């Protein structure tokens, strides 16, 4: 099936927010302290809500029997278009909040532009979501600073997290063929500047040169995604056509 | 004033429905009983996140996933309110958590049962939350002020939990044959454990009922259990399912349902730690706490740094 | 002491030793302090005590309060104060503090009987 660029782009936004939501939700019941368990779960819910809005829009664009659930539950590994960054394992709390920060900082810049785009529906979703994103940036950047400049152990862990995740940030700014609504390559400098500011407050620094992994937007993922989808789609796959 | 006079005054306040507040004089045993009960209640909320959290990643639709996440998150909130209420009695959350992790403090045994299928999300909501709500509604009027206030807040939030559970089952009960079977199976597995949630029979209790006299508790185990059975026995009909008790029968004279004997052997076994999931549940909680240690430390260290920087500035 | 509580309830399962054996806080560097949270439910109303929570610093306390106490649109403004900075009156002093107000009924409007014509005063 050939989708229009708009559909593919909407699915890309939907998949990215869904997969990050799914990852964050893994913390539910396992957070480092009750208050933060609740906080990360809240972010998970925000992202899930955003993904549903995007899926619902994609479903109306696709028409027919497509629904938010058919799109989330019945597409395969190679059809998912989420960023590689968001499918990476939670790791420790440091890695999770760094992943959140790197993505949220990007999402904020993206939604700033998206809310002014010509597609009314995407603009509306972005305008609604950006308030949540603003908070995610605030919350996660504070954690980056706190852990970067906390104890020796937390600092070391943040360095490891950067080493783990940085290679997946380049992809955000390399546009896929369907990604024409917002010119992501033009967000890169501002993103980097903002990240640099937060990192410097956190006594951390941006890696000088690192090879950037690519592919998520076009369905070439890391091996992690398959397992996420196995979990996510289990019931829909086991009982085809059932209502829940 | 001699202690007896204090105790008399204290009891008079309770009898007059005057709430006891943190700094008020209270008998040592009242304090201890409240700490024990509130902290156990808090632990139950926290451990209770695990069996349901088990299905978050596999929820069958995005809507169900959102509901389930919100629900499990509520439980974290409820645990938090309750820990806070217990902290007003002079015990820190850290101590309570240590007691949970060492096995000294207990939590509701119901959460030591596994959630095996999606239908368990429905059954837990309908039966387990349903049983808990009866207790919680009663506790909104408990004599210790902070506990009562926490319960009022919890009851407000909890009301959606049981409804969503029942609705989950309702959808299954109207679904495919496999879904119907899944629904009945979950009810079968959760029914008896949820009856056990109300605790041993009134006749099993040996001494004078101080908790009732102090109005920490306002209804007996058997009263609450009967109330629960009467409700569930009617509701199950809407689902077109059955409860796994052959002796369940309306008794026109008592105006209540009669029911079969609970397996108390199983109850005490699970309390003692031999339930199907006791080990995993505690291990999950310990692991979260231990792995969070460096995070909590770093946050404190950073807060300290920032404070001294601000002072210097 | 009397032989208390042999009856076991939901949420009150017996332990060999009753909870609350020691009241000292363990001195753990990882323990976040306790904060009291006050929420303004809407513009025009006072902040009201909502509960408490733990946080490493004030900023985090506000954010935690937002996540814990305003998930259902309960608030538009949050105050937090570290619990240790709250000074409370002592219940034992209730007599001298509050009872002297009891007989000052002339402070209340109902004390004054006025003719019906001015009853809305």
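The values are calculated or read from the model by the stated rules, or taken from the named source; none is laboratory data. Please read these numbers as outputs of a predicted model, since none were measured by experiment. Counting neighbours? That spans all protein chains shown, and the Cβs are built from the backbone with ideal geometry, glycine included.
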Check your understanding: Looking at segment A:224-244, which of its residues are more than 8 Å from every other protein chain (Cβ to nearest Cβ), assigned to a helix (DSSP H, G or I) and over 16 Å from the mean Cα position of the chain (by Cα)?
Key -> A:226, A:227, A:230, A:233, A:237, A:238
Exercise for review: Quick one: which residue in B:284, B:312, B:232, B:301 is more than 14 Å from chain A (Cβ to nearest Cβ) and closer than 30 Å to residue C:56 by Cβ?
Suggested key: B:312
Exercise for review: Output the helices (runs of 4 or more DSSP H) that fall wholly within segment B:121-204 and possess 3 or more residues being within 18 Å of residue B:69 (Cα to Cα) and in contact with a helix residue (DSSP H, G or I) (Cβ under 8 Å, 6 or more places away or on another chain), or say none.
Suggested key: B:145-173
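Within segment B:235-256, can one find any residue that is part of a helix (DSSP H, G or I), touching a helix residue (DSSP H, G or I) at 6+ places or on another chain (Cβ under 6 Å) and free of Cβ contacts under 8 Å to residues at least 40 places away in the same chain? Steps first, answer last, please.
First, the residues of segment B:235-256 that are part of a helix (DSSP H, G or I): B:235-239.
After this cut, where a residue has to be touching a helix residue (DSSP H, G or I) at 6+ places or on another chain (Cβ under 6 Å) as well, the list is B:239.
Among the residues that remain, those that are also free of Cβ contacts under 8 Å to residues at least 40 places away in the same chain are: none.
There is no residue in segment B:235-256 that is part of a helix (DSSP H, G or I), touching a helix residue (DSSP H, G or I) at 6+ places or on another chain (Cβ under 6 Å) and free of Cβ contacts under 8 Å to residues at least 40 places away in the same chain.
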Revision key, fill the gap. When segment B:64-103 is checked residue by residue, the ones that are over 13 Å from residue B:39 (Cβ atoms) and within 8 Å of chain A (Cβ to nearest Cβ) are B:64, B:65, B:66, B:69, B:70, B:72, B:73, B:76, B:77
Check your understanding: Do we find that residue B:241 is away from chain C (no Cβ under 11 Å), farther than 30 Å from residue B:24 by Cβ, out of contact with any strand residue (DSSP E or B) (no Cβ under 7 Å at 6 or more places or on another chain) and crowded, with 17+ Cβ neighbours inside 10 Å in this structure?
Key -> yes
Review point. So is residue A:64 in contact (Cβ under 8 Å) with a residue 40 or more places away in the chain and outside any helix (DSSP H, G or I) or not?
Key: no
Review point. If you check residue A:185 against the conditions, is it touching a helix residue (DSSP H, G or I) at 6+ places or on another chain (Cβ under 6 Å), outside any loop (DSSP other than H, G, I, E, B) and more than 14 Å from every other protein chain (Cβ to nearest Cβ)?
Key: yes
Review point. Within segment A:190-244, how many residues are farther than 27 Å from residue A:22 by Cβ, touching a helix residue (DSSP H, G or I) at 6+ places or on another chain (Cβ under 8 Å) and without any contact (Cβ under 8 Å) to a residue 12 or more places away in the chain?
Key: 1
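Quick one: which of A:98, A:110 is more than 14 Å from every other protein chain (Cβ to nearest Cβ) and either more than 28 Å from residue A:186 (Cα to Cα) or in a helix (DSSP H, G or I) (or both)?
The unique qualifying residue is A:110.
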Point to revise | Members of segment A:131-147 found to be more than 14 Å from residue A:54 (Cβ to Cβ), crowded, with 18+ Cβ neighbours inside 10 Å and more than 9 Å from every other protein chain (Cβ to nearest Cβ), listed by number | key: A:136, A:137, A:140, A:141, A:144
Exercise for review: Give the number of residues within segment A:57-95 that are within 16 Å of the chain's Cα centre (by Cα) and either within 10 Å of chain B (Cβ to nearest Cβ) or surrounded by 18 or more Cβ atoms within 10 Å (Cβ to Cβ) (or both).
Suggested key: 11
Point to revise | Where residue B:72 falls short, out of the listed (1) in contact with a helix residue (DSSP H, G or I) (Cβ under 7 Å, 6 or more places away or on another chain); (2) outside any helix (DSSP H, G or I) | key: (2)
Revision key, fill the gap. Counting only residues that are outside any helix (DSSP H, G or I) and more than 10 Å from chain C (Cβ to nearest Cβ), segment B:21-63 contains a total of 10
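Each row is one residue, and each column tells you yes or no for (1) touching a strand residue (DSSP E or B) at 6+ places or on another chain (Cβ under 6 Å); (2) in a strand (DSSP E or B); (3) modelled with pLDDT of 95 or more.
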site: C:37; (1), (2), (3): yes, yes, yes
site: C:63; (1), (2), (3): no, no, yes
site: C:95; (1), (2), (3): no, no, no
site: C:99; (1), (2), (3): no, no, no
site: C:120; (1), (2), (3): no, no, no
